[in-house]
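Asks: Before I ask anything, here is the structure I am working with.
The values are calculated or read from the model by the stated rules, or taken from the named source; none is laboratory data. None of the values given here were measured: they were computed from a predicted structure. In this analysis, Cβ positions are derived from the backbone assuming ideal geometry, glycine residues included, and neighbour counts consider all displayed protein chains.
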Amino acid sequence: MKLPKRLAAAVCAAALLAGCALPGTERAGVEELLRAPRLEGDYGEIQSALNQWLEESAQLKYPMNGELLSPFLMSDFDGDGQQDAAVLYSTADTPNICLAVLQKDAEGVWQVQDAVEGLTETVDTVRFARLQEGGANQIVVGYNASQEVSYLAVYAYTEGRIQAILAEPYDQYLIEDITGTGYEDLVLMGTDEQGADQIKLLISDREGGFRQASVMGLSPDKFTGCASLAAGMGAYGGQYLVLDGWTGVSGSNLASVLLRYNELTQQMEPARQIGADALYEASLRNVPDLTSRDLDRDGVVEIPTQPEGAGLINMSQGRRMDFILWMDYTSAQPRKSFGILDEELGFYLELPMEWYGSLMLTDGAGGRDEVELRSQDGQQLYLTLRITSLSDRTAGWTRLGVVSNHLVQAQFGPDTAVADPLYRLSRSFYLL
């Protein structure tokens, strides 16, 4: 006897809710649940083309960090002016992450051209780079092998084939035009066989590989290792590399080295604007997280310093704070930014440069969550800075930003006047 359609549907629903399956539906239901959701547009077509080429369903893999967090990488990989596609994936037979490149055929249908197996099961970062002559982008993939070991691979796509043109262990890397050729270079920081820090400048050659230029600067008599790399333009043009190195008796202090590429020797050498010893003394700082960076995103790397003339710190206060002066040592006028660093929450508040050398930091009325910037005789209140709850809407306070689920606010003193017409308190907050 046939059941009415509504009754049959109810029986099916009841069977599924009861954890049962009608004959012939169990396998289909499981496969449907395991199948990746269908993507729309080009991504869906690319995924379908990859699955058809593999003759199975690929598991898409996502980078863990960086700006590109998608398994689909869209760019021109062969320099023909047309957009290509690359996909990060794995299969049941290849636990390591694979990379496939697809292009559209004459009918506009995506087709897999080539695929290669990667180095590990996890991708940390993916970047595009223009390391070679021509209009093509290369794919730079950072692989995580373990918590201690990472590998950087560079893939080029030429004549329908993927070529792995570099595979190196690394701790940090930069992609910048260090040599001024108009093409990007690679700077790798890693360790050698003896466990010592090693920094390499890798420059693409005409054969499609790389030649290595040594990067000197962290002399072993002063530094125990490299903490960070940063690259940016100088005040009068040219590219500079800033190395922050570990130093001091405990090895937890930082100091900086400023380098420039010498076209004649084809080596990285100390910049001429400031001597290595003078820069070491000026940049010596006891805040482990205070690394050099392009603070205001103007293309110049600023080096943080803790100058004695910046002001006075009340060491009895509840919060750990420091006056910081950020410098551009490629300029004849190196002072770039002056302000106060909150080491506990990891933010920097830029202050008017005219206040440099005239401030004292004291506790405010709000306890450890409020501090005051006063004149060194304590008579004039310049600024009050406080950490409060996200819901605080007290009138008269300038909202600076949110950090660690707290709201940072500031308020000028009643008689405070700022001479710099470009200074804006609301635009002076930086997370480090």
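Results for (1) within 28 Å of GLY208 (Cα to Cα); (2) at pLDDT 95 or above; (3) more than 30 Å from the chain's Cα centre (by Cα); (4) in a strand (DSSP E or B), shown as yes or no for each residue.
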| site | (1), (2), (3), (4) |
| --- | --- |
| ARG38 | no, no, yes, no |
| ILE46 | no, yes, no, no |
| SER70 | yes, yes, no, no |
| ALA85 | yes, yes, no, yes |
| LEU88 | yes, yes, no, yes |
| VAL101 | yes, yes, no, yes |
| VAL123 | yes, yes, no, yes |
| ARG127 | yes, yes, no, yes |
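Asks: Moving to a separate point now. So which residues in region 258-275 are acidic (Asp, Glu) and either in a helix (DSSP H, G or I) or under 14 Å from SER219 (Cα atoms) (or both)?
Replies: GLU269
Asks: Among the candidates GLY217, GLY225, which residue alone is surrounded by 12 or more Cβ atoms within 10 Å (Cβ to Cβ) and modelled with pLDDT under 85?
Replies: Step by step, each of GLY217, GLY225 is checked, and only GLY217 is surrounded by 12 or more Cβ atoms within 10 Å (Cβ to Cβ) and modelled with pLDDT under 85.
Asks: One residue is enough: does region 374-386 have a residue meeting the conditions of a type in the set (Val, Ile, Thr) and modelled with pLDDT under 95?
Replies: No, every residue in region 374-386 fails to be of a type in the set (Val, Ile, Thr) and modelled with pLDDT under 95.
Asks: On to the next question. Kindly provide the set of residues from region 341-376 that are within 15 Å of THR291 (Cα to Cα) and either assigned to a strand (DSSP E or B) or of a type in the set (Gly, Ala, Ser) (or both), ordered by number.
Replies: LEU341, ASP342, GLY346, PHE347, TYR348
Asks: Please pick out the residue among TRP110, TRP53 that is touching a Lys or Arg at 6+ places or on another chain (Cβ under 7 Å) and more than 28 Å from LEU174 (Cβ to Cβ). Walk me through it before giving the result.
Replies: On the way: TRP53 fails: touching a Lys or Arg at 6+ places or on another chain (Cβ under 7 Å).
Going through TRP110, TRP53 in turn, the sole match is TRP110.
Asks: Scanning for something over 26 Å from GLY232 (Cα atoms), part of a strand (DSSP E or B) and in contact with a helix residue (DSSP H, G or I) (Cβ under 9 Å, 6 or more places away or on another chain), does region 324-340 turn up at least one residue?
Replies: We begin by selecting, within region 324-340, every residue over 26 Å from GLY232 (Cα atoms); these are none.
Among the residues of region 324-340, not one is over 26 Å from GLY232 (Cα atoms), part of a strand (DSSP E or B) and in contact with a helix residue (DSSP H, G or I) (Cβ under 9 Å, 6 or more places away or on another chain), which makes the answer no.
Asks: Look at ALA410 and say whether it is out of contact with any Leu (no Cβ under 8 Å at 6 or more places or on another chain) and closer than 20 Å to PRO352 by Cβ.
Replies: no
Asks: Now, a different point. From the list ALA153, ALA164, which one is within 23 Å of the chain's Cα centre (by Cα), surrounded by 15 or more Cβ atoms within 10 Å (Cβ to Cβ) and of a type in the set (A, V, I, L, M, F, W, C)? Give the steps one after another, and end with the answer.
Replies: Numbers: ALA164 fails: within 23 Å of the chain's Cα centre (by Cα).
Exactly one of ALA153, ALA164 is within 23 Å of the chain's Cα centre (by Cα), surrounded by 15 or more Cβ atoms within 10 Å (Cβ to Cβ) and of a type in the set (A, V, I, L, M, F, W, C), namely ALA153.
Asks: Consider ALA332 carefully, then state whether it is within 29 Å of ARG272 (Cβ to Cβ) and either within 31 Å of the chain's Cα centre (by Cα) or of a type outside the set (Asp, Glu) (or both).
Replies: For ALA332, the condition - within 29 Å of ARG272 (Cβ to Cβ) and either within 31 Å of the chain's Cα centre (by Cα) or of a type outside the set (Asp, Glu) (or both) - is met.
Asks: Of VAL242, VAL249, which residue is more than 30 Å from LEU88 (Cα to Cα) and modelled with pLDDT under 90?
Replies: Every option except VAL249 fails the conditions.
Asks: Which one of THR94, THR122, THR158, THR179 is among the β-branched types (Val, Ile, Thr) and without any contact (Cβ under 8 Å) to a residue 24 or more places away in the chain? Outline the logic, then answer.
Replies: Values: THR122 fails: without any contact (Cβ under 8 Å) to a residue 24 or more places away in the chain; THR158 fails: without any contact (Cβ under 8 Å) to a residue 24 or more places away in the chain; THR179 fails: without any contact (Cβ under 8 Å) to a residue 24 or more places away in the chain.
Going through THR94, THR122, THR158, THR179 in turn, the sole match is THR94.
Per-residue answers, yes or no, for (1) closer than 21 Å to ILE46 by Cβ; (2) surrounded by fewer than 14 Cβ atoms within 10 Å (Cβ to Cβ):
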| residue | (1), (2) |
| --- | --- |
| GLN82 | yes, yes |
| ALA85 | yes, no |
| LEU88 | yes, no |
| ALA100 | yes, no |
| LEU119 | no, no |
| PHE128 | yes, no |
| SER146 | no, yes |
| VAL149 | no, no |
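Asks: Can you tell me which residue in region 276-300 is surrounded by the most Cβ atoms within 10 Å (Cβ to Cβ), limited to those that are outside any loop (DSSP other than H, G, I, E, B) and touching a strand residue (DSSP E or B) at 6+ places or on another chain (Cβ under 7 Å)?
Replies: The residue in question is SER283.
Asks: Restricting attention to region 249-280, which residues are of a type outside the set (Ser, Thr, Tyr), more than 15 Å from ILE178 (Cβ to Cβ) and touching a residue at least 24 places away in the same chain (Cβ under 8 Å)?
Replies: Across region 249-280, the qualifying residues are GLY251, ASN253, LEU254, ALA255, GLN273, ILE274, ALA276, LEU279.
Asks: While we're here: Look at THR388 and say whether it is among the polar types (S, T, N, Q) and buried (at least 19 other Cβ atoms within 10 Å of the Cβ).
Replies: Considered against the rule, which asks whether it is among the polar types (S, T, N, Q) and buried (at least 19 other Cβ atoms within 10 Å of the Cβ), THR388 comes out as no.
Asks: Please find, within region 398-432, the residue that is farthest from TYR382 (Cα to Cα) out of those that are of a type in the set (Gly, Ala, Ser) and in a strand (DSSP E or B).
Replies: First pass over region 398-432, keeping only residues of a type in the set (Gly, Ala, Ser): 401, 404, 410, 413, 417, 419, 426, 428.
If we keep only those that are in a strand (DSSP E or B) as well, we get 401, 410.
On the way: GLY401: 20, ALA410: 11 Å.
For region 398-432, the residue satisfying everything is GLY401.
Asks: Which one of THR394, THR384 is without any contact (Cβ under 8 Å) to a residue 24 or more places away in the chain and of a type outside the set (Asp, Glu)?
Replies: Only one candidate qualifies: THR394.
Asks: Then there's this: Could you please let me know if GLY180 is closer than 14 Å to MET268 by Cβ, surrounded by fewer than 18 Cβ atoms within 10 Å (Cβ to Cβ) and out of contact with any helix residue (DSSP H, G or I) (no Cβ under 9 Å at 6 or more places or on another chain)?
Replies: yes
Asks: Further question: Would you mind finding the one in ALA227, ALA255, ALA231 that is closer than 30 Å to GLU133 by Cβ, under 22 Å from the mean Cα position of the chain (by Cα) and part of a strand (DSSP E or B)?
Replies: ALA231
Asks: Which of the residues belonging to region 232-247 are hydrophobic (A, V, I, L, M, F, W, C) and closer than 18 Å to THR305 by Cα? Please lay out each step first, then the result.
Replies: The initial filter retains those residues of region 232-247 that are hydrophobic (A, V, I, L, M, F, W, C), namely 233, 235, 241-243, 246.
Of everything in region 232-247, those that are hydrophobic (A, V, I, L, M, F, W, C) and closer than 18 Å to THR305 by Cα turn out to be LEU241, VAL242, LEU243, TRP246.
Asks: Might you check whether a residue that is touching a helix residue (DSSP H, G or I) at 6+ places or on another chain (Cβ under 9 Å) and free of Cβ contacts under 8 Å to residues at least 40 places away in the same chain occurs anywhere in region 346-366?
Replies: Checking region 346-366: not a single residue is touching a helix residue (DSSP H, G or I) at 6+ places or on another chain (Cβ under 9 Å) and free of Cβ contacts under 8 Å to residues at least 40 places away in the same chain.
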